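One structure is given here, and the rest of the page talks about it.
No lab work stands behind these numbers, since they all come straight from the coordinates. The structure displayed is predicted, hence computed values, not measured ones. Cβ placement follows ideal geometry from the backbone for every residue including glycine, while neighbour counts extend to all protein chains displayed.
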Amino acid sequence: MDKKKAAKATSLLISILVFCLSLQDMADWSAVGIYTGCGLGCRMLYPFYHANLLHATLNAWCLLSVIFIYDISLWRFFLSYIIAVTIPSFCLSDIPTVGLSGVVFALFGSISFEVQRKAYYQLWMLAYLVAGFLFPNTNALVHLYCYLAGGAVALLNKPVKIG
């Protein structure tokens, strides 16, 4: 199986897992969410848990969309996961955060130089990031960090051609 098919298969499996875990009633989000001072287990697990079925569906749809539309390899997918689980403490609070959106925003950042209409794309991403700061119970700093880190990785790997 080539790397792009592996990334697609992995994203489908993760989406199914996310959907199934969203049906589980979670009594204590600090057991699986990422927050200031949380352990390694929480950091590794938080992308797979979601607050509700709508949250899980939106994140899984975004993940599948970016993986299937763009040339995403398994390596880039894994790197986006690493970006999402290594969020610095200044982006976190005492309230646990869950969801796949950190991985998705890292992927969004990683494709920012590959899209055809770059200015249009960046304006939409800016709108999504600003909207995250306006909605309660959304950790917009996680989204911003992951997007910028994904963009930095893209810039280092696919430099912008000048001239």
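A straight chain from Leu126 to Leu58 at 0.36 nm per residue would run longer than the Cα-Cα distance by 22.6 nm.
Remark: Ile111, Ile34 ranked as Ile111, Ile34, counting other beta-carbon atoms within 10 Å and listing the fewest first. In the set (1) 60, 50, 25; (2) 55, 37, 26; (3) 57, 41, 38, the label that goes with Cα extents along the principal axes in Å computed for this structure is (2).
Taking other residues whose beta carbon is less than 13 angstrom from the beta carbon of Cys38, and scoring Lys, Arg as +1 and Asp, Glu as -1, yields -1.
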